[in-house]
Amino acid sequence: MVELKTPGEIDAMREAGRVVARALARIAEHAAVGVRVTELDDIAATVIAEAGATPAFLGYHPAFAPTPYPAVVCVSVNDAVVHGIPGRDRLADGDLVSVDCGAYLDGWAGDSAVSFVVGTPRPRDLELIGAAERALAAGIAAAVPGGRMGDIGHAVAAEAERGGYGMLADFGGHGIGRRMHEDPHVANRGRPGRGLVLRPGLTIAIEPMFTAGGDGRYRAAADGWTLHTVDGSRAAHAEHSIAVTADGPVILTRL
Ligand code: MF3
Ligand code: CO
């Protein structure tokens, strides 16, 4: 069931989203060649705690995973697409890093992800990240009252097709509110004019995950969580939690 939020509830969600945005900004500032991935997790834990918020991923146990998620953020490096568990390994020159963070503040969830390169970037990686960001922006722009869910997926997929990038078949965005994952599912593909009618008060996370290889095939690592591309190609992830309002889409996970 899709639960629409009141303007007051959307304001509260924006506060939760701001905490997530702050954690990601702090992480992006700190991330550099030689930094341990666990340091990025520590930063998120600190920012979230300082805000009086609670990590949303830590202990989360969806049906597809063998164990509860053991960290505050997901850090997915190079051929890891999403759900990378922070480890003690250090970031290396040219690594493509995707960081996904979620938090609860006053009973409301925020969920957002960013991708960036540490050290000297490969031009192809910057193009991949740019495409995922453009896809996110296009998906958000489609989230207008009276539009349809299929418009969002279509906008995201059009950007993947333009670059010849792959997408994960079984993962996409989701409703968000009192829980991080709510109805409806927000697919990264769609047919324009089809699907759920978008109404003011709909709050969703839109999250394109692009792989440089065109087939988008992936497999889980031995940890049961980290999803790697099968072809070894690199991947980028961009995500915002947004609200559909009478005035158009509003990004909730922004500073
Ligand atoms: N943005 C991701 C999602 O919505 C974050 C989930 S990570 C998890 O699926 F650890 F919480 F599963
Ligand atoms: Co999400």
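The values are calculated or read from the model by the stated rules, or taken from the named source; none is laboratory data. As the structure is a prediction and not an experimental result, all values here were calculated from the model. Cβ placement follows ideal geometry from the backbone for every residue including glycine, while neighbour counts extend to all protein chains displayed. Side chains included, ligands, DNA and RNA excluded: accessible areas come from the protein's heavy atoms. Shrake-Rupley method; radii C 1.70, N 1.55, O 1.52, S 1.80 Å.
May I ask you to list the residues in region 164-183 that are small (Gly, Ala, Ser), open to solvent by less than 40 Å² (accessible area, probe 1.4 Å) and in contact (Cβ under 8 Å) with a residue 40 or more places away in the chain?
Scanning region 164-183 gives 166, 173, 175, 177.
Could you list all residues from region 234-244 that are open to solvent by less than 30 Å² (accessible area, probe 1.4 Å) and either assigned to a strand (DSSP E or B) or free of Cβ contacts under 8 Å to residues at least 12 places away in the same chain (or both)? Break it down stepwise before answering.
Kept after step one, since they are open to solvent by less than 30 Å² (accessible area, probe 1.4 Å), are these residues of region 234-244: 235-239, 241-244.
Scanning region 234-244 gives 235, 236, 237, 239, 241, 242, 243, 244.
With the structure loaded, tell me whether residue 4 is open to solvent by 20 Å² or more (accessible area, probe 1.4 Å) and touching a residue at least 60 places away in the same chain (Cβ under 8 Å) or whether it fails that test.
Here the answer is yes, as residue 4 does meet what is asked.
Of the residues that make up region 146-158, is at least one in contact with an Asp or Glu (Cβ under 7 Å, 6 or more places away or on another chain) and open to solvent by 10 Å² or more (accessible area, probe 1.4 Å)?
The first filter runs over region 146-158 and keeps only residues in contact with an Asp or Glu (Cβ under 7 Å, 6 or more places away or on another chain), leaving none.
No.
Of the residues in region 96-118, how many are more than 13 Å from ligand 2 (Cβ to nearest atom), in contact with an Asp or Glu (Cβ under 9 Å, 6 or more places away or on another chain) and closer than 26 Å to residue 216 by Cα? Walk me through how you get there before you give the answer.
Applying the first criterion (more than 13 Å from ligand 2 (Cβ to nearest atom)) to region 96-118 yields 96-97, 104-108, 115-118.
Now restrict to residues that are in contact with an Asp or Glu (Cβ under 9 Å, 6 or more places away or on another chain): 96, 105-106, 108, 115, 117-118.
Filter again for closer than 26 Å to residue 216 by Cα, leaving 96, 115, 117-118.
Selection size over region 96-118: 4.
Which numbered condition trips up residue 219, out of (1) away from ligand 1 (no atom under 16 Å from the Cβ); (2) assigned to a strand (DSSP E or B); (3) touching a residue at least 24 places away in the same chain (Cβ under 8 Å); (4) out of contact with any helix residue (DSSP H, G or I) (no Cβ under 8 Å at 6 or more places or on another chain)?
Residue 219 satisfies every listed condition except (3).
What are the residues in region 28-47 that are β-branched (Val, Ile, Thr) and either farther than 24 Å from residue 224 by Cβ or modelled with pLDDT under 95 (or both), if any?
33, 35, 43, 46, 47
Taking the conditions exactly as written (surrounded by fewer than 18 Cβ atoms within 10 Å (Cβ to Cβ), within 16 Å of ligand 1 (Cβ to nearest atom), at pLDDT 95 or above and outside any helix (DSSP H, G or I)), does residue 192 satisfy them or not?
Numbers: surrounded by fewer than 18 Cβ atoms within 10 Å (Cβ to Cβ): yes; within 16 Å of ligand 1 (Cβ to nearest atom): no; at pLDDT 95 or above: yes; outside any helix (DSSP H, G or I): yes.
In short, no.
Would you check if residue 75 is within 16 Å of the chain's Cα centre (by Cα) and buried (at least 16 other Cβ atoms within 10 Å of the Cβ)?
In short, yes.
Hey, can you tell me all the residues within region 197-216 that are away from ligand 2 (no atom under 16 Å from the Cβ) and either farther than 20 Å from residue 171 by Cα or not in a loop (DSSP other than H, G, I, E, B) (or both)?
Within region 197-216, 197, 198, 199, 200, 201, 211 qualify.
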